1. What translational diffusion coefficient, to the nearest whole µm²/s, does the stretch 20-133 have by Stokes-Einstein, given a Kirkwood radius computed over alpha-carbon pairs, a temperature of 37 °C and 0.692 mPa s viscosity?
2. Take every DSSP beta bridge whose two residues both sit in the chain, then give the antiparallel share in percent to the nearest 5.
3. Only helical DSSP H runs with n ≥ 4 go in: add -39500 (n - 2.57) per run for the chain, normalise by residue count and round the 222 nm mean residue ellipticity to 500 deg cm²/dmol.
4. Enter the accessible area per residue of the chain (Å², integer; probe 1.4 Å; all protein chains in place).
5. For the chain, what's the radius of gyration and Dmax over Cα atoms, in angstrom?
6. A288's amide H: which non-local residues (gap 5+, or another chain) put their own amide H closer than 5 Å, with H modeled 1.01 Å from N in plane and none for Pro or chain starts?
7. Leaving ligands, DNA and RNA out of it, report the carbon-plus-sulfur percent of the accessible area of the stretch 169-210 at a 1.4 Å probe.
8. Tell me, what is the Rg over Rh of the stretch 82-137, with Rh the Kirkwood radius over Cα pairs?
Amino acid sequence: MSSYKTLLRRYVRHKKALSYLSPSKALNVLRLLYDIKLRRTRVSSKPLFARINPCSVCNLACPGCSIYEDKMNIKPYIRPKAMMSMDTFRKIIDSLDDSLLQVVLYDEGEPLLNKNIWEMISYAHNSRIRTVVSTNLSFMMTDDQIDSLLLSGLDYLIVALDGITQETYEKHRQGGNLELVKNNFERIIKRKKSMGKKASTEVEIQFLEFPYSIHEKHAVIDYASRNGADVINCFLPYDSELADKKSLHGRPRQYFGCFDIYAVADFDVDGSLYTCDFQEDSGVDAVANINSSPFMDIWNSDVMSKLRASLQMKGQSLPLHAVCAQCPVTRGLPWMLR
């Protein structure tokens, strides 16, 4: 159990992705480190991680999410409201199966609403890529669906449980049913134990720490421990968690660089690639679509090259992108790669 999602905790949480290294992927890692260290604008390496959004609709409304803002008529959801097709998913995986160590199958939306989600996970699993899914679990699940989850090859399941009473839980997970979540979670754990070695999915209970929920934090931890959670993580809300408390210490943002524009591919439901998750949420246009362009053409497009050039330290002539200048993640690259 961790108290906060520090940078170290983020690494530890996903360290098992290293078990998916192969000779070709290891060679890609070396190319990636070389590209990052030299701050190359056009790269020979591919991403190590992908965030793929399989579903941009949700059964709940959680403050801070773009879907919540759309449902509350605060701000319209500007990207497609849809389910990713298997054809698009296969195209992404086939383009990156020689480099990806891990694919995160969630963003805005509830990923388990996509009827193809288990086929997607199996496809990535068979391509030797670690899979991670985050879900609210606040819907009816049949025994067959639970079996599909556990037999799909899913490596890591994150279950959002932000309270131990309905009153507290629904303040953030608006429209959610706590008893449904607990019932599904307990049935998944029970079925996992009965399957033995057939089911290797690790299950995490995730608690977001709000001022109105902090008093139930230890009750959630106790519940998750008693009922067989493999991991329990207690995090600050997104806006507080994402912000790095360390300042730039007077240095330009270019000094710290950016990891995502070299190592993370961010895909929306229609196959559109964005420069990063933060730019996607800021309304920046997609770079291109995997259904119409080869991945490396997109990854080395003018948009990506100019973005990397704006984060160079030497010979830097391009202005920093407006979204990059406002990015709350000031950590950038690990110090040895700056």
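1. On the way: Rh = 15.6 Å.
In µm²/s, the coefficient rounds to 210.
2. Approximately 20 percent, going by the DSSP bridge assignments.
3. Details: 16 runs with 130 residues, N = 338.
After summing the helix terms and dividing by residue count, I get -10500 deg cm²/dmol.
4. Values: 15540 Å² over 338 residues.
I get 46 Å² per residue for the chain.
5. For the chain, the Cα radius of gyration and maximum Cα-Cα distance read 19.9, 60 Å.
6. Distant-sequence amide H within range of A288: L273.
7. 45 percent
8. On the way: Rg = 10.8 Å, Rh = 11.5 Å.
Using Cα coordinates only, the ratio equals 0.94.
The values are calculated or read from the model by the stated rules, or taken from the named source; none is laboratory data. In this text, all values refer to a predicted model and were calculated from it rather than measured experimentally. Areas reflect the complete protein model, heavy atoms only, side chains present, ligands, DNA and RNA absent. Shrake-Rupley method; radii C 1.70, N 1.55, O 1.52, S 1.80 Å.
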